[in-house]
Amino acid sequence: LLLFGLWAVVSGAMRIFINNVDGFLAGAICADLYKLSHHIVGTRKGRQDDLVPPMVKRIVPRVEVRRLLKAVAACDIVVYDLHDADLEEMELVLRALQVSELHHRMTFILISSVGVWARTAKAYEEIPVETDGTAGNEEGEVAGEAEGVEAPDAGAAEADAAEDGDGAGYPAGDAAVPAAPAQPQLRPVALKSEDYTRRVPAPKFQEWKAVETQVLSLKEKGLIRPYIVCSGIPYGNGEDAFLGLFKAAWQTRSSLRVIGDGGNYIPLVHARDVARLTRHVIEVGPVMDYHVAVDRGDMTQRALVQTCAKQFGLPAEPKSVTVAEALLAELADILTMDLRLEPCELMNAVAPPEPEINVGEGEEQGEAADVDVSATASNADGSATDEAKVEETEDPGNINILPAFRWWCEKGLGANIDQVAKEFSRWRRLSPVRLCVAGPPGSGASKLGQRLAELYNVPSMTLDEIVEEQRNLETPIGQQVREQLEVIEANKANPKSQGPFILPASLSVQLVEDALKTRPGTHRGFVLAGFPQTMEEANALFFEEPAGGDAAPAGKKDPKAKEAEPETEAVPKASFLLDTSVFVTSSDEVCLQRAQSSEEKPYVEKDFQVAMANWKQVAEALPEFFTTKLNVTTVTVNADLAIEEETAKHEAAVKEAEAAEAEAPVAPDPADLVALAAGSWAWLDTASQTATQSLESQRSVFNFMPPTSASVSVTEQAAEKELERQKQVALEEAAAAEAAAAAAAAAEAAKRAEKSKAEMQRVEHVKKEELARLEKHSEPLRLYLMKFVVPALTGALVDVCREQPEDAVGYLAEYLKIYSEVFKERAAEREAAAAAAAAEPKPA
C-alpha cells in the first residue's frame, strides 16, 4: 500500500473522492489533497456553486445512486466527513464497497468526531501547579486566567480566612489553628489513539460509532485500507461549530455564557490540522487504523469563552448558567464535554526546533497560507518553518522515524487566538469600518459620529471623552493629562496668555492611538469624531516612519552620511487607514449657539473663539490632507439645512406672491433662522446617508448588521409608518368588504339551498302521486292475474316439486294444457248449469 501510494503521488494519477466538498472540513481537505492529485471529485450538500472549492474537478450528483457508487469505486482515495455526511448515503456506500469486487487498492478515510469518546470512562489526575520555570498549561495568558477561575476552591478557604482573621491565614480569635489545606484540582487523564476500543459515545454520536465500526470492517476486503481520523471540535477557517460564539464576541454582545463552573476540558483542533493529518495518513500509510486529531491546548470551557471575549474586547466577564438552563443551547453538547485526548503518533512526529521568526513574517505566512495551506510546517515551539527545511531534517535511512507533521495550530486556540481571529474576519469578509468626522466646534460632528457608529455597530470616540476617561485614572499618562489640563486652564484664565490652549500633539495622538487600538476598534473599526484638530496631529496619527534599513554600527557613523542619505517619506499606518472622512460645515453663529446650549459640555464664548480659531487654521488644509495624502474619499455635509429650507420656502412664497400680484411676505428674521438651525438635528439623517453611500460605493460592508442602505431617516421612517398605517387601513377595509361579500354569498347560498330543498320536496310529492296513480291503474290487471293465472301456476309448481320429473318444463306445459282443458270443461258445465237453472220455471 505504501509503495502504491508513493507511485500514485509521483505519477499524479491518484483519483480522490470527497463527500460534500462545500462542507467546513471538506474545503480544507480539498485544498490539502490538491497537492497529491489534481483529480478531485465529490458531492455537495448545497446548491451554491460559489461554495465549491475551485480545485474540485467534477461534482457527482448524489440523487443518481449508480453514478455515485461508480465514482466512489473508481477512486483511489475516498474521504467521508461525518460532520456533513448523510448517514443513509454513508451506509449505502459502505454496503456497496463490502459486496463489490475492486481491481485496485483504495484508501478509505472517515473523518469522525471526539463525540464518540464523550462518555468513555476516565481516570483523573491533579492539575500541575505552575512555577516560575514551568508552565502547566499551554493556553497562554488567557488560559492561565481561566485555570484560576476554573478552580474556585483552590484559594477560597485561604481568602475567606484572610478576610475573617488577621491576614496571615488564621481565623479570627484563634491564631494557633492553621487554615485547612485546599483540595487539589483534578482533570481527566489524557486518552490516546490506542484506547479507541474503550470509547463510549454520547447519545448523539451512537450512530457515528456504528459507522466507524463498519468502516474498519472494510479492512477484511484486502484491497481497501480504512482509516479513522477522529477530529476534535474544529475551529478556524471562519468557524463552524463556534460560529455563534465568535459572532457574539465580535459584536461584543453580552450573551456569552459559561455552562456550569466551566472547568471541563474540550478537545479542539484547527480545521487545517485535520486536513494535514488526512494528507499525512495518505502519504505515510501507517499501521494504526485509528488516529486522534487534537491540538496540545488542553483548553477548558471557561478558557475558551474567556479567550474569545478577551480577543474581541468584550467589556464584561461571561456569566455562568446551570446545565439545566443551557440544556437546549446551541453548543450545549460540545461545551459540556469533559475529555482530554493526546494527538496521535503521526502528529507527534514534529521537526527539530528552528530559530523563531518575527511577528511580521509570521503574519505574512499566515496570509499566504490561504493560497498554499501546507506551505509551512510547525516546530516543537510552535514557530513556522519552511516545508523544504522540514524534509531535510528527516532521516531517510531510518524507516522507524515517521515524517515530520506540519502543524498549523499546535499549541491550541488560546496561544493562536490572534491568528484564528484574523481567519474569522477574513473568511467571513468582516472588514473594519474606519471613519473620521471633523468640523468646527458646535457643528455637531460628534453627534454625526455617534449616528454613524450606531449604523455600523462600531465604537465612537472623541478626544474629550478619551481625555475625561484618562484624567480619572491613576496612571502615568493620566497624571500627565491632569498636569497639561491644569496648564491649559491657567492659560485660559490669564487674558495675556498666548497659549497653549489645547493638549500637545504628542500627548493627544498617544491618547487617541491607545483608544483606537482597543480590541473592538481593531476588529470592527471605529468612528473618530472631532479629531485631528491640527495638521501636526493628523500627520502624527495617520503616518509613521517606514520600517527597514540597516543602521550603521555605533561609533563608526560618517558625519557626512546624514547629508548624503535621502530623507525617507512617512507611510500611512495600516491599522488606521480610513474608509471615508466626513467634514461638517456650519456658520459661526449657529455653531456658537449650538455650543453654548450643549448638554454635554457647554462652551463659554472665549473657549469657543479659541477653538474656532484653531479650526479655521486647518479648515481647508485638513480635507486636502485626507484626499491627497491618505487617498481617502471626503464627504462634506452642511449642518445648516434648516436655514436653507426656510430660505427656500420664503423664496417660493415670494414667487407665488409676485405671480398673484400680491404683497410679498415678510422675510424671516436671521436671528430666528440661527435659532432654528441650532436646535434642528434633522440634517443628521441626510448627512449619515451621504456618508454611508460614499463608503458603500467603494466597497461592501459585512458586519452581521442589516445594510445601512436600508436604513432611512426619521422623516422617512415616519412616512413609511404612515404608509404602513394606510396599507393597514386599506387591508382592514378590504377585509371588511371581503367579509361582507362572504356574508352576502353565504346568504345567497342559503337561499339557493332552501330553494333546492323545496324543489326536491316537490319532486318527491310528484313521485308519490305517480306511484299511487300507477297502482290504481294496475289494480284490474293484478286482480285478473290473482284470479285466473296465479292459482293455476301455483298448483303446477307445487305438483312439479312433488313429482320432480326429468323434463320439468315439459311437465309444466303438459300440466297447464290439461288444466286448461279441465278449466274449459268446468266452465262449460257451469254455463250449462246456469242455463238449466234459468230454464226451470219459477214457483208461483
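The values are calculated or read from the model by the stated rules, or taken from the named source; none is laboratory data. Quantities reported herein were computed from a predicted structural model and do not represent experimental measurements. As a convention, Cβ positions derive from the backbone with ideal geometry for all residues, glycine included, and neighbour counts pool all protein chains shown. What goes into the accessible areas is simple: the full protein's heavy atoms, side chains included, and nothing from ligands, DNA or RNA. Shrake-Rupley method; radii C 1.70, N 1.55, O 1.52, S 1.80 Å.
Leaving out ligands and nucleic acids, note down the accessible area per residue over region 684-843 with a 1.4 angstrom probe, in whole Å². Can you show the working numbers first?
Working: 12760 Å² over 160 residues.
Using a 1.4 Å probe on heavy atoms only, each residue of region 684-843 averages 80 Å².
Which order do Arg62, Arg429, Arg105 take by accessible area at a 1.4 Å probe, largest first?
Values: Arg62 75, Arg429 150, Arg105 95 Å².
From most accessible down to least: Arg429, Arg105, Arg62.
Work out, step by step, the length gained on full extension between Glu829 and Val200: first 0.36 nm times the residue separation, then minus their alpha carbon distance; give nm to one decimal. Write down the numbers at each step before the final one.
Details: separation 629, 0.36 × 629 = 226.44 nm, distance 11.53 nm.
That pair, Glu829 and Val200, stretches by 214.9 nm at full extension.
Would you mind calculating the relative contact order of region 13-131 from Cα pairs under 8 angstrom and at least 6 residues apart, reporting the percent as a whole number? Mind dumping the intermediate values first?
Values: 159 pairs, mean separation 29.8, N = 119.
Reported relative contact order: 25 percent.
List every residue whose amide H lies under 5 Å from the amide H of Thr636, counting only residues 5 or more places away in sequence or on a different chain, with H placed 1.01 Å from N in the peptide plane.
Residues meeting the criterion, in which the H sits 1.01 Å from N, are Phe583.
Would you mind checking Lys492/Lys616; Lys247/Lys411; Lys310/Lys422; Lys247/Lys422 for any pair whose Cα atoms are more than 21 angstrom apart?
Lys247/Lys411
Considering only C-alpha atoms, what is the centroid distance from region 450-522 to region 190-223, in Å?
Going from one Cα centre to the other spans 61 Å.
May I ask you to derive the FRET efficiency for Glu605 and Ala667 from their Cβ-Cβ distance with R0 = 25 Å, giving the value to the nearest 0.05?
Working: r = 28 Å, r/R0 = 1.11.
Once rounded, the FRET efficiency stands at 0.35.
Using only protein heavy atoms and a 1.4 Å probe, report how much of Arg257 is accessible, in Å² to the nearest 10.
Counting only protein heavy atoms, Arg257 exposes about 90 Å² to solvent.
Using a 1.4 Å probe on the protein heavy atoms, what percent of the accessible area of region 785-832 belongs to carbon and sulfur? Each step should come with its number before you reach the end.
Working: 2390 of 3900 Å².
After summing per-atom areas, the C and S share lands at 61 percent.
Going through the cross-link list Lys727/Lys751; Lys122/Lys209; Lys70/Lys204; Lys35/Lys209; Lys655/Lys727, which pairs have a Cα-Cα distance over 27 Å in this structure? Intermediate values should be presented prior to the final figure.
Working: Lys727/Lys751 35 Å; Lys122/Lys209 18 Å; Lys70/Lys204 31 Å; Lys35/Lys209 31 Å; Lys655/Lys727 37 Å.
Lys727/Lys751; Lys70/Lys204; Lys35/Lys209; Lys655/Lys727, as the Cα separations exceed 27 Å there.
Once the whole set of protein chains is in place, how much accessible area is left on Lys629, using a 1.4 Å probe, in Å² to the nearest 10?
Looks like 120 Å² after rounding.
Please report how far the C-alpha centroid of region 15-93 lies from that of region 287-343, rounded to the nearest whole angstrom.
Going from one Cα centre to the other spans 29 Å.
Given a 1.4 angstrom probe, what's the average accessible area per residue across region 41-100, in square angstrom?
Working: 3360 Å² over 60 residues.
For region 41-100, the solvent-accessible area averages 56 Å² per residue.
Give me the percent of the accessible area of region 49-119 that comes from carbon and sulfur atoms, probe 1.4 Å, all protein chains in place.
52 percent
Once you have the Cα-Cα distance between Ala349 and Glu775, take 0.36 nm times their residue separation minus that, and quote the gain in nm to one decimal. Don't skip to the end; give the middle numbers.
Details: separation 426, 0.36 × 426 = 153.36 nm, distance 11.06 nm.
Length difference between fully extended and current span is 142.3 nm.
Excluding Asp195 itself, what net charge comes from residues whose Cβ is under 12 Å from its Cβ, given Lys and Arg +1 and Asp and Glu -1?
Numbers: positive: Lys122, Lys192, Arg198, Arg199, Arg340; negative: Glu194, Glu342.
That works out to +3.
So, with a 1.4 angstrom probe, what is the percent of accessible area on region 471-545 that is carbon and sulfur?
Numbers: 1920 of 3810 Å².
About 50 percent, which is the carbon plus sulfur part of the accessible surface.
Give me the number: length gained by fully extending Leu92 to Asp261, i.e. 0.36 nm times residue separation minus the C-alpha to C-alpha distance, one decimal in nm. Write down the numbers at each step before the final one.
Values: separation 169, 0.36 × 169 = 60.84 nm, distance 4.30 nm.
The span from Leu92 to Asp261 would gain 56.5 nm if fully extended.
For a quick check: with amide H placed at 1.01 Å from N, whose amide H comes under 5 Å from Phe526's, ignoring anything fewer than 5 positions away on the same chain?
Those lying under 5 Å, H to H, from Phe526 are Val433, Arg434, Leu435.
To the nearest 10 square angstrom, what accessible area does Asp418 show with a 1.4 Å probe?
Accessible area of Asp418: about 80 Å².
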